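Asker: Once you've had a glance at the structure underneath, I'll fire off some questions.
The values are calculated or read from the model by the stated rules, or taken from the named source; none is laboratory data. Everything numeric here is computed off the predicted structure, so don't read it as measured data. When we count neighbours, we look across all protein chains shown, and the Cβ atoms used for this are built from the backbone with ideal geometry, even at glycine.
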Amino acid sequence: MPIRGEVRQALLRTLLKHGGVVKEFAAGQQVVEEIADQFQLTEVTEKGFDQALRISRIPAAEKNFLPIKSFEVQKVVKKLVETQRPTIYEPFDTSRKRIRKLRETTLRLRGFRQAVIEVYGYRCAACGLKINSPDSLCWEVEAAHIVPHASFGKDDIFNGIALCRFHHWTFDVGWFALLDDYTICLSPKLSRLPADFGRAGRYELIRSLARRSSQIRLPTGRQFYPHENSLRWHREFVFHR
Ligand SMILES: [Zn+2]
């Protein structure tokens, strides 16, 4: 008979592998649920998630790249995905100017990241890159704020876009922006860069975005598209003309 601690560890490890919710297990669901109930593990809480990471020796820094949602984060994601697209949209979260609890901010950010990468199908909206780690635990793609978090940009789908790490950085520093029709617009300052900048061997990593002169890869539902007010703010205050 395995000892209680071993069962708990095995369960937490399995939770990590299966997306974090015991209820979603297909095989042996009833048995797993019974065991999980005994250990109060029916849903993964943030605390259980942290424990599972420690047991599986996954560095805490990787937490944000795991496609697993704790119970708390799932609630945030559900709320974000189900929010109706507003007719009048203000991309700034003025309530955040009041100091929020760290835990609340962390949950909101994790929920934001998860909701955004999910609606973009885990793909970079700029180049289409979609890749996860060999153990299938982490996705490469990130959720970028269009109006940055530091400028009180909202943590919602309308102010978010999924980008690979390179395009996230190039977007944040203003090498490219998006027009209202979601086509990519490159900074004219690129032409002043030395020819070998922004390249990897034969591949033009930034300039090729404009050559396609096509729309970004948008989410499946129109209600999830980035809001024009966020894009306009980014063009005005971040993009280099
Ligand atoms: Zn990309």
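Asker: Name the residue that is nearest to Gly128 (Cα to Cα), counting only residues in the stretch 139-198 that are among the small types (Gly, Ala, Ser) and in contact with a helix residue (DSSP H, G or I) (Cβ under 7 Å, 6 or more places away or on another chain).
Answerer: Residues of the stretch 139-198 among the small types (Gly, Ala, Ser): 143-144, 150-151, 153, 160, 162, 174, 177, 187, 191, 195, 198.
Cutting the leftovers down to in contact with a helix residue (DSSP H, G or I) (Cβ under 7 Å, 6 or more places away or on another chain) gives us 143-144, 153, 160, 162, 177, 198.
On the way: Ala143: 14, Ala144: 15, Gly153: 25, Gly160: 16, Ala162: 10, Ala177: 16, Gly198: 18 Å.
Going through the qualifying residues, I end up with Ala162.
Asker: Look at Arg202 and say whether it is within 26 Å of Leu109 (Cβ to Cβ) and of a type in the set (Lys, Arg).
Answerer: Working: within 26 Å of Leu109 (Cβ to Cβ): no; of a type in the set (Lys, Arg): yes.
So Arg202 does not fit the description; no.
Asker: Enumerate the pairs (first residue in the stretch 216-237 and basic (Lys, Arg); second residue anywhere and surrounded by 19 or more Cβ atoms within 10 Å (Cβ to Cβ)) with beta-carbon separation below 6 Å, excluding pairs fewer than 6 apart on the same chain, so at least 6 apart or on different chains.
Answerer: Final answer for the pair search is Arg217/Arg123; Arg217/Ala125; Arg235/Ala177.
Asker: Let me ask something else. Hey, can you tell me all the residues within the stretch 110-142 that are in a strand (DSSP E or B) and away from the ligand (no atom under 13 Å from the Cβ)?
Answerer: Our first condition is that a residue be in a strand (DSSP E or B); within the stretch 110-142, this holds for 132, 139, 142.
Of everything in the stretch 110-142, just one residue is in a strand (DSSP E or B) and away from the ligand (no atom under 13 Å from the Cβ), namely Asn132.
Asker: Still on this structure, please answer the following. Look at the stretch 143-160 and say how many of its residues are among the β-branched types (Val, Ile, Thr) and either within 16 Å of the ligand (Cβ to nearest atom) or more than 22 Å from Val81 (Cα to Cα) (or both). So that I can check it myself, show each step before the final result.
Answerer: Here is the first cut: in the stretch 143-160, the residues among the β-branched types (Val, Ile, Thr) are 146-147, 157.
This time we only want the ones that are either within 16 Å of the ligand (Cβ to nearest atom) or more than 22 Å from Val81 (Cα to Cα) (or both), so: 146.
Matching residues across the stretch 143-160 total 1.
Asker: Test Ser187 against the criterion of being within 16 Å of Phe239 (Cα to Cα) and surrounded by fewer than 16 Cβ atoms within 10 Å (Cβ to Cβ), and give yes or no.
Answerer: Against the criterion (within 16 Å of Phe239 (Cα to Cα) and surrounded by fewer than 16 Cβ atoms within 10 Å (Cβ to Cβ)), Ser187 does not qualify.
Asker: Could you list, ordered by first residue, the pairs with Cβ atoms under 6 Å in which the first is in the stretch 108-134 and free of Cβ contacts under 8 Å to residues at least 12 places away in the same chain and the second is near the ligand (Cβ under 10 Å from one of its atoms) and among the basic types (Lys, Arg), at least 6 apart or interchain?
Answerer: Lys130/Arg123
Asker: Looking at Leu231, Leu178, Leu163 in this structure, which one is more than 16 Å from the ligand (Cβ to nearest atom), modelled with pLDDT of 95 or more and crowded, with 17+ Cβ neighbours inside 10 Å? Give the derivation first.
Answerer: On the way: Leu178 fails: more than 16 Å from the ligand (Cβ to nearest atom); Leu163 fails: more than 16 Å from the ligand (Cβ to nearest atom).
None of the other options fit; the residue is Leu231.
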